[in-house]
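In what follows, a structure is listed as structure tokens, so that the remarks can point back to it.
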Amino acid sequence: MSLPDNLMVLTDLDGSLLDHHSYDWQPAAGWLRFLREQRVPVIANTSKTAAELGTLRQELGLKDYPCVVENGGCVLLPPGWRAMADPAVDTQGWTRIHLGADYATLRRAVAALREEHGYAFRGFADLGVEGVQHYTGLPLAKARQAHAREASEPLLWEDSAERLTLFRQALQQQGLSLIRGGRFYHVTGRSSKGVALTWLAGRYHQLHRVQPLTLALGDGANDLPMLATARYGVLIRGAGYQPLLPSYMDDPSRLYRTASTGPTGWVEGMDYWLVAGLEHNNE
């Protein structure tokens with residue numbers, strides 16, 4: 001199988017590369033191995049935290065590539081993707097590029113709105129590590145990693161749909177965003193998975209002097225900006241809630257919808273675009 005030299009894959013994790021319930025990724029192991037052998041960057045673009053990706057990127061074989069955490073809030077670059085003007089490398093070997101608001105700012109904003117208007121929700125700061133473990137089903141150690149936020153605050157919304165609209169509008173007035181993920185709503189700065197994809201495409205061009213051919217895969221509403229920004233997209237069938245096709249997507253033929261969920265759907269999408277060839281599918 002021949003792949004374009006400039007192919008760059010960006011993927012959501014929960015509900016996409018990872019099964020929504022078990023977090024298993026083994027159905028995609030063959031594709032991940034093949035892409036690694038072909039030296040195709042596979043970049044996790046996820047709502048997970050940097051702490052969660054510390055071991056997971058090793059398991060998935062993605063340690064040599066950047067990753068995007070907390071719905072586009074922060075890009076983590078390995079040494080081979082750094083530029084001279086970037087911030088210093090941290091103790092974990094990452095260069096952090098913050099694209100959104102910091103966690104303290106987000107927490108102050110949501111706490112103030114709840115205090116003023118009485119919105120009913122619980123954020124990760126309210127749930128604590130044990131609450132995060134309860135609502136995600138993660139082992140305690142991984143729940144601690146999920147609780148270590150730096151650029152977003154996940155919420156369990158416990159109020160009406162009408163009040164959710166008002167809450168979203170109030171956040172927008174403060175330059176913040178509310179997006180829906182697989183399990184939670186996420187309060188972020190003016191960043192998104194699509195913004196992060198654009199930033200990474202620019203860095204790829206800076207390093208290689210060629211624009212990347214981007215293929216993105218995801219299952220949630222928070223993935224739609226990434227799918228609309230990529231040259232080719234795969235909207236994986238969700239285990240529950242299924243987002244609508246974004247109205248701002250200029251060419252719906254660039255988006256393939258899978259019949260299968262989770263990593264099996266991920267494989268289905270990769271097969272659709274890459275087995276027959278990108279150009280063949282785009283005719």
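A P(r) calculated from all alpha carbon pairs of the stretch 67-175, with 5 Å bins opening at zero, reads 2, 10, 17, 19, 17, 15, 9, 6, 3, 0 percent. In order along the stretch 30-41, the Karplus-derived 3J(HN,Hα) couplings, from 6.51 cos²θ - 1.76 cosθ + 1.60 at θ = phi - 60°, round to x, 5, 4, 5, 5, 5, 5, 5, 7, 6, 8, x Hz, and Gly and Pro are given as x. Measuring with a 1.4 angstrom probe and ignoring ligands and nucleic acids, TYR135 comes out at about 90 Å² accessible. Rounded to the nearest Hz, the phi-derived 3J(HN,Hα) couplings of the stretch 145-154 under the Karplus curve 6.51 cos²θ - 1.76 cosθ + 1.60 (θ = phi - 60°) are 5, 5, 7, 7, 7, 9, 8, 7, 10, x, where x marks glycine and proline. Principal semi-axes of the equivalent ellipsoid, √(5λ) from the alpha carbon gyration tensor of the stretch 1-60, are 21, 13, 10 Å from largest down. For the stretch 1-135, the C-alpha radius of gyration divided by 2.2 N^0.38 Å, with N the number of residues, is 1.24.
Can you tell me the orientation of helix 193-208 relative to the chain, as the angle in degrees between its alpha-carbon axis and the longest Cα principal axis, to the nearest 10? It is inclined by approximately 40 degrees.
Taking the DSSP beta bridges with both ends in the stretch 1-133, the antiparallel portion is around 55 percent. If I fit a long axis through the Cα atoms of helix 161-173 and take the longest principal axis of the Cα atoms of the chain, what angle between them do I get, 0 to 90°, rounded to 10? Once rounded, the angle reads 80 degrees. Looking at the stretch 40-142, the accessible area is 43 square angstrom per residue; that uses a 1.4 Å probe and ignores ligands, DNA and RNA. Between GLY15 and HIS20, the built amide H atoms are under 5 Å apart, and every one of these is 5 or more places off in sequence or on another chain. The alpha carbons of the chain occupy a box of 57, 42, 36 Å along the principal axes, longest dimension given first. Taking the square roots of 5 times each eigenvalue of the Cα gyration tensor of the stretch 110-226, largest first, gives ellipsoid semi-axes of 29, 19, 12 Å.
For trypsin sites (Lys or Arg not before Pro), the sites in the stretch 116-224 that DSSP calls loop and that have at most 10 other Cβ atoms within 10 Å are ARG209.
The values are calculated or read from the model by the stated rules, or taken from the named source; none is laboratory data. In this text, all values refer to a predicted model and were calculated from it rather than measured experimentally. Cβ atoms come from the backbone with ideal geometry, glycine included; neighbour counts cover every protein chain shown. Surface accessibility is based on the protein's heavy atoms, side chains included, excluding ligands, DNA and RNA. Shrake-Rupley method; radii C 1.70, N 1.55, O 1.52, S 1.80 Å.
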